[in-house]
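Contents: one structure, followed by commentary.
The values are calculated or read from the model by the stated rules, or taken from the named source; none is laboratory data. This is a predicted model, so every value here is computed, not measured. Quick reminder, even Gly has a Cβ in these numbers, built from the backbone with ideal geometry, and neighbours come from all protein chains shown. Quick note on the areas: whole protein, heavy atoms, side chains included, nothing else; ligands and nucleic acids left out. Shrake-Rupley method; radii C 1.70, N 1.55, O 1.52, S 1.80 Å.
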Amino acid sequence: MKNLVVLFSACLVFHFSSAQTAGQLSAGGGSGTGFSQALVNQVAGSMSDQYDRLSKSTGITDFSGSPYTSDDFAVASIYYKDELQDRLYYRYNALNEEIEIKKSPLPEETPQRLLADKAIHLDVSGKKLAFKTFIDRKNNTLNGYLTELINGKEYDLYRRTRVKFTEGQKAQNSFVMAVPNRFTHFIEYYYQKEGVERIDELVQSNGALLKLLDGDKKVAMKSFLKENNLNIKEEADLIKAFEFLNQ
């Protein structure tokens, strides 16, 4: 990535504003530099390609769930080092921790894979989706995409969608039904304290949150949770708790 600046100036730039294909987007406000091929790597391929590969490897053609947070491509703005590049269509493959992008929602257009670079982020409905390094509750260091829910003066809060693939089972006989391949979605939350160079998973319980705090902050949070009948297992309540922490 150290040659990325050179690639930006050298590579062919797609100017969406001049595109004639129906459904294509243009950079908003004229502030974008145009989307560069330096931000993508190999072609991601179609969704059917992924299902075909898993079908061949498992010998099972039926599936439950999806590796994507949404099977449809949605509009997002893409930034490099906080500079708007363009607006485009994206889809997040949470199983592979990959973002697929296209210039249009047309099914015949083959998506490309966005580079997993920490200088790049997507703005999705006003929230940042970015590649990060983080620590899960088992103390494993992982890389993947987090959605920023709160950017606070003391604490940042993130959401992660994780997808687990479970291989199905063929029917052993006429009395036992086949089990399809299954994609299961899990939601996790992570936080980062100001001045601490790590992002940690948050165990979703009021007691676990209180253990992270000391002194007056702990006392105040305990009262706040009780008085407002909050349970941080619910995302809305979790956000309220972190907003209170950042006051």
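Applying a 10 Å radius around every beta-carbon, put 118-128, 153-163, 206-216 in order of their mean neighbour count, most first. Let's see the in-between values first.
Working: 118-128: 15.5, 153-163: 18.0, 206-216: 12.9.
Packing proxy ranking, top to bottom: 153-163, 118-128, 206-216.
Of the heavy-atom accessible surface of the chain (probe 1.4 angstrom), what whole percent is carbon and sulfur?
So the carbon and sulfur contribution to the accessible surface is 48 percent.
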Can you compute the modelled spin-label distance between residue 170 and residue 123, with each label point 7 Å from Cα toward Cβ, in nm? 5.2 nm
Listed residues 85, 169, 37, most fluctuating in the chain (Gaussian network, C-alpha, under 10 Å): 169
Which three extents, in angstrom, do the Cα atoms of segment 97-151 have along their principal axes, listed largest first? 42, 23, 18
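Could you tell me which GluC sites (Glu not before Pro) in segment 31-116 are loop residues by DSSP with no more than 11 other beta carbons within 10 angstrom of their beta carbon?
Details: sites: 83, 97, 98, 100, 108, 109; in loops: 97, 108, 109.
Loop-located and lightly packed - 108.
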log10 I(q)/I(0) for the chain, Debye formula on C-alpha points only (no solvent), q = 0.09, 0.14, 0.15 Å⁻¹, two decimals, reads -0.51, -1.03, -1.11
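Probe of 1.4 angstrom, ligands and nucleic acids ignored: what's the accessible area per residue over the chain, in square angstrom? The partial results should precede the final answer.
On the way: 13820 Å² over 247 residues.
Value for the chain: 56 Å² per residue.
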Looking at segment 42-155, what % of the alpha carbon pairs are farther apart than 19 Å? 52 percent
Residue-level accessible surface for residue 47, protein heavy atoms, 1.4 Å, Å²: 40 Å²
Given the whole protein assembly as supplied and a 1.4 Å probe, what does the accessible area of residue 184 come to in Å², nearest 10? 40 Å²
Label-point gap, in nm, between residue 213 and residue 198 - each point 7 angstrom along Cα→Cβ: 2.3 nm
Most mobile listed residue (195, 59, 152) in the chain, GNM with C-alpha springs under 10 Å: 195
Past the 16 angstrom mark, what percentage of all C-alpha to C-alpha distances in segment 132-247 do you count? 66 percent
